[in-house]
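Beneath this line is the structure, given in C-alpha cells, with notes to follow.
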Amino acid sequence: MTPKPKPSQQTRAQQTRQRILEAAADCFREKGVRDSSIEAIAKQAGSTKPTVYAHFGTKTALFNAVALATAAELKERTLPPFDPNADLAKQLTRIFTDYLATMLNPQNLKLYRAILFELASDETAEAPEYETGYDYLRVWLQDAQAKGAALTGDLAQASQMLWAAVKGQLFYPVLLGLEQPNPDTQTQELQAIVVFCLRAIQPSD
C-alpha cells in the first residue's frame, strides 16, 4: 500500500491556524474575550502560547481574526438558485429562515455577544463586515430577474432594505437579550417583511 503523502508545511500551518481560531471561538463563547487567556486558548487548540503568538501576534489580532472568520462563515452561505417555477416571496422567506437558524443558534449567539461586547469596549477591535450579505442577495435577485421574475427598480437598495429589516426585527433584539426566539411568529414576521420589501421592486398591478 502506498503511504499517504504528508501534508506540506504550509498546509500544517493552515491547519494549526484553524485549530487556534476554533479554540479561541470556543473560549470566547464560554468565558468572554477578556477572561480568555492565550494560555487557555493554546491548551484548547492542543498547541502552545508561542505558536499562537507566531500566528496572530497579539490577543487583539486573534480576536479580530475570530470576528472576521465568523462574518466570513455567514458570507459563504450559498443561496439556493432561484427557481422560476416557485413563488418568489416563499423562496426569499426560506433564505432568511435558514439565515436566522444559523444566526440564532445558541452557540453562535454566545460568540456574537462576546464579539459585540468586545467591540463596544475595545476601540482597536474590528467590526465584522456582515454588510456583504447585501451583495449576495442582490446577485440572487439579479439572477431571478434574468430568469423571468417580474422585478424592477433598485435591486441593491431592495437587498439592503430586506437585510436591515430582518436583522433589525428578528436578529438584533434576540442578540441584545431583549426578546427570545419565537419560531411560532418568526415565519409570519418574515413573510410580512418580504412582502413589504418586494413592493419596492415588483410592478404594481
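The values are calculated or read from the model by the stated rules, or taken from the named source; none is laboratory data. None of these values were measured; they are calculated from a predicted model. For neighbour counting, all protein chains shown are included, and Cβ atoms are generated from backbone atoms with ideal geometry for every residue, glycine included.
What to note about this one:
- When the stretch 148-199 is filtered for residues that are among the charged types (D, E, K, R) and either surrounded by 18 or more Cβ atoms within 10 Å (Cβ to Cβ) or at positive phi (or both), only LYS167 remains.
- Verdict on ALA165 being at pLDDT below 90 and of a type in the set (A, V, I, L, M, F, W, C): no
- Restricting ALA86, ALA125, ALA144 to residues that are assigned to a loop (DSSP other than H, G, I, E, B), assigned by TED's automatic domain parsing to the domain that holds VAL194, of a type outside the set (D, E, K, R) and at pLDDT 90 or above narrows the list to ALA86.
- Restricted to helices (runs of 4 or more DSSP H) entirely inside the stretch 3-73, those with at least 2 residues that are without any contact (Cβ under 8 Å) to a residue 40 or more places away in the chain, over 21 Å from GLN107 (Cβ atoms) and of a type in the set (S, T, N, Q) are 9-31.
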